[in-house]
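**Q** Here it is: the structure, laid out below.
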């Protein structure tokens, strides 16, 4: 794929995407964005992959933010166009399979925004998480002002964005920014256990669940309930549904095939 992004497939229908710029604290640049979008496109079409783990190389950083060197001479129109054509945040959020952020070390700015675009977040207790864009005279531009208040509430979003403070993985779990915080030495094992759990489920049901949950953000309740009922009913036509019901009644483990 690319030396800035490592792609690995593991047992349990898992793929890992590792941002590989440890000397730059895995900062996001154009090469990373292109590689990530390309990898997600390939994994979306890989029927053997049911869940993706996104992380950063090394122990110091998940993603420490955008590569600020790219900002220096950027013009407004160029910046806008680059964010439209290389929107990794939307690419992750709209990816049809579950994505888990495994947060090790610094998770700042665009890195925090990319973690929030994932479906679940597991952080090391020692992780440092924040949105420090105001230090540069900017605001979050990858969804921070929109996804953060949805996760932690308006008050905490205001505080984190306006103060630029960094919080620990423990505090992030307390306020709902991440779902789980574990000791650094347990981070990989815990995340893999979660991924294997998810990877054993029906791929079609996982996609339906993700789309239905995300629909709750943009639809009134009545429309969201209708959307959910549509997916629920449609799944009755799948082999996976027949297998799941049959396995339950026969008291055996279901073998889902994604059909």
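**Q** Determine which member of the set 193, 186, 165 is surrounded by fewer than 17 Cβ atoms within 10 Å (Cβ to Cβ) and touching a strand residue (DSSP E or B) at 6+ places or on another chain (Cβ under 7 Å).
**A** Just a single option satisfies the conditions, and that option is 165.
**Q** Could you tell me which of the residues 92, 52 is part of a strand (DSSP E or B), modelled with pLDDT of 95 or more and crowded, with 22+ Cβ neighbours inside 10 Å?
**A** Just a single option satisfies the conditions, and that option is 52.
**Q** If residue 165 passes every condition in (1) over 30 Å from residue 198 (Cα atoms); (2) not in a loop (DSSP other than H, G, I, E, B) but one, which one does it miss?
**A** (2)
**Q** Of these, 223, 185, which one is free of Cβ contacts under 8 Å to residues at least 24 places away in the same chain and not assigned by TED's automatic domain parsing to the domain that holds residue 9?
**A** 223
**Q** Scan the stretch 148-172 for residues that are touching a residue at least 40 places away in the same chain (Cβ under 8 Å) and over 12 Å from residue 129 (Cβ atoms) and report the count.
**A** Going through the stretch 148-172 one residue at a time, the tally reaches 1.
**Q** Please verify whether residue 142 is in contact with a helix residue (DSSP H, G or I) (Cβ under 6 Å, 6 or more places away or on another chain), at pLDDT below 95 and assigned by TED's automatic domain parsing to the domain that holds residue 12, treating the condition exactly as stated. Before the answer, list the steps.
**A** Values: in contact with a helix residue (DSSP H, G or I) (Cβ under 6 Å, 6 or more places away or on another chain): yes; at pLDDT below 95: yes; assigned by TED's automatic domain parsing to the domain that holds residue 12: yes.
Yes.
**Q** Given 249, 206, 160, 177, which one is within 25 Å of residue 96 (Cα to Cα) and outside any loop (DSSP other than H, G, I, E, B)?
**A** Numbers: 249 fails: within 25 Å of residue 96 (Cα to Cα); 160 fails: within 25 Å of residue 96 (Cα to Cα); 177 fails: outside any loop (DSSP other than H, G, I, E, B).
206 is the lone residue from the list that is within 25 Å of residue 96 (Cα to Cα) and outside any loop (DSSP other than H, G, I, E, B).
**Q** For residue 115, state whether it is closer than 24 Å to residue 210 by Cβ, assigned by TED's automatic domain parsing to the domain that holds residue 22, in contact with a helix residue (DSSP H, G or I) (Cβ under 8 Å, 6 or more places away or on another chain) and not in a loop (DSSP other than H, G, I, E, B).
**A** Values: closer than 24 Å to residue 210 by Cβ: yes; assigned by TED's automatic domain parsing to the domain that holds residue 22: yes; in contact with a helix residue (DSSP H, G or I) (Cβ under 8 Å, 6 or more places away or on another chain): no; not in a loop (DSSP other than H, G, I, E, B): yes.
Criteria not met by residue 115.
**Q** Let me ask something else about it. Residue 42 versus (1) surrounded by 14 or more Cβ atoms within 10 Å (Cβ to Cβ); (2) at pLDDT 95 or above: which is the lone unmet condition?
**A** It fails just one condition, (1).
**Q** Could I ask something else about it? Please find, among 134, 99, 152, the residue that is at pLDDT 95 or above and surrounded by fewer than 16 Cβ atoms within 10 Å (Cβ to Cβ).
**A** The unique qualifying residue is 134.
**Q** Return the residues of the stretch 133-146 that are outside any loop (DSSP other than H, G, I, E, B) and without any contact (Cβ under 8 Å) to a residue 40 or more places away in the chain; say none if nothing qualifies.
**A** Scanning the stretch 133-146 gives 133, 134, 135, 144, 145, 146.
The values are calculated or read from the model by the stated rules, or taken from the named source; none is laboratory data. Here the structure is a predicted model, which is why all the values come from computation and not from measurement. Note: ideal-geometry Cβ built from the backbone for every residue, glycine included; neighbour counts use all protein chains shown.
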